[in-house]
């Protein structure tokens, strides 16, 4: 990607979130640039959905399941290709974009037709930047947590930058081109991570089902999906060799004068082989409950809710944490090891058995009863130690490669966020760079593959440390 420079001269915009803008840019209220549409729905129109990643498309183009369906389409309105669509209740999270189709949408959408001085795609980028920097959230009326009520009247009253039309088009062309290249890079890195995870899984499966002796005699394990195991291994239930403690129900206030506030972990803090305590919330607990539900280094934490069965060993931890009732705490008996069970849980998860036993009528739960009754392959204690030592060494390089790939993804997401912010607000001039770009979809549109695969070259375009560029844009989907 080319190095971008500031414009020659700037002027104050008078807009708090915008700061200084190029001297030749104007500032205008959005209502003078867009007309709110209220079209009737045609019989041929299909439902259009506005997603948090800025995609506005026919629902069938993304997915058909997981939406809240309306019994009656009261107040639905026509949407046309090229309309700027703003999700009034979820604009704070980035649900703003330009429709790529004709169709119909819920009345919670503000459907806006661009005027002769506005490029809908440029203003979609601009409004999503207003979302990212929390300006839209700051305008919220407080109707519900983490929401807004960003209606057309609120949008129309906002002052927004007004570059010349040709410059708006150049900005859109440049950002679309950059986004296509970045997305290809991200997809390639995600594919690499998936392949590395598969490689790691295969190594784990082999070790916890066959052991380390390739010539050992085998027998059926009795564990669904795991197949045969060495003949001298056992296959007990978890409850036979481990102690399981389900966490404490959430307590928002003290029940007695002896209660204290304590940090607690829940399912979202547990990923495979990783415990995150950086954003642990607090609840109240008695001194007895601190002992009952407390955790220490060496404990294995297993998700009861969410992805039931997901597990991680506590390898380092400050004192004073307990578990909430979405987690099990596991402690090993005399003939078992928690670090061995951590690998076994990953192997069992790969078979799909946890998904099969978890009830999904409402929310999946890997209850204490289900966990206790789970059978595991169990070699002698000395062999468990040898398997753990082998797997720790055999997976270390793969884990390092996965961590590098994830960090590269984070850096590029931060770069994309910073790039969009700088370009749409006029902090970087892309006119010359946009004029040199190949046509979209052309043979040169893929750009310099070598450059996109080297994050160091991408970081050359960032003035400051990319870690200071702020969080990456949200990319969840909106349920409407």
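Has segment 344-356 got any residue that is part of a helix (DSSP H, G or I), under 15 Å from residue 274 (Cα atoms) and in the same structural domain as residue 245 (by TED's automatic domain parsing)? Checking segment 344-356: at least one residue is part of a helix (DSSP H, G or I), under 15 Å from residue 274 (Cα atoms) and in the same structural domain as residue 245 (by TED's automatic domain parsing). Number of residues in segment 29-78 that are under 28 Å from residue 416 (Cβ atoms), at pLDDT below 95 and in a loop (DSSP other than H, G, I, E, B): the value is 8.
Hey, among 250, 226, 246, which residue is modelled with pLDDT under 95, under 20 Å from residue 307 (Cα atoms) and within 30 Å of the chain's Cα centre (by Cα)?
250
Failed condition for residue 43, given (1) free of Cβ contacts under 8 Å to residues at least 12 places away in the same chain; (2) not assigned by TED's automatic domain parsing to the domain that holds residue 154, with all others met? In the conditions (1) free of Cβ contacts under 8 Å to residues at least 12 places away in the same chain; (2) not assigned by TED's automatic domain parsing to the domain that holds residue 154, residue 43 misses (2) alone. Cβ-Cβ contacts under 6 Å between residues 6 or more apart (or on different chains), taken from a first residue in segment 386-399 that is outside the structural domain of residue 337 (by TED's automatic domain parsing) and closer than 13 Å to residue 339 by Cα to a second residue that is in a helix (DSSP H, G or I) and at pLDDT 95 or above, are listed as 387/207; 388/339; 388/340; 391/207; 391/343.
Since residue 258 meets every condition but one in (1) surrounded by 14 or more Cβ atoms within 10 Å (Cβ to Cβ); (2) touching a helix residue (DSSP H, G or I) at 6+ places or on another chain (Cβ under 8 Å), which condition does it not meet? Answer for residue 258: the failing condition is (1).
The one condition from (1) modelled with pLDDT of 95 or more; (2) closer than 15 Å to residue 126 by Cβ; (3) surrounded by 15 or more Cβ atoms within 10 Å (Cβ to Cβ) that residue 94 does not meet is (1). The residue that is surrounded by the fewest Cβ atoms within 10 Å (Cβ to Cβ), among those in segment 419-445 that are at pLDDT below 95 and under 30 Å from the mean Cα position of the chain (by Cα), is 441. Residues in segment 302-335 that are under 13 Å from residue 368 (Cβ atoms) and in a loop (DSSP other than H, G, I, E, B): 5 in all.
The values are calculated or read from the model by the stated rules, or taken from the named source; none is laboratory data. Here the structure is a predicted model, which means the values were calculated and not measured. So basically every Cβ, Gly included, is an ideal-geometry build from the backbone, and we count neighbours across all protein chains shown.
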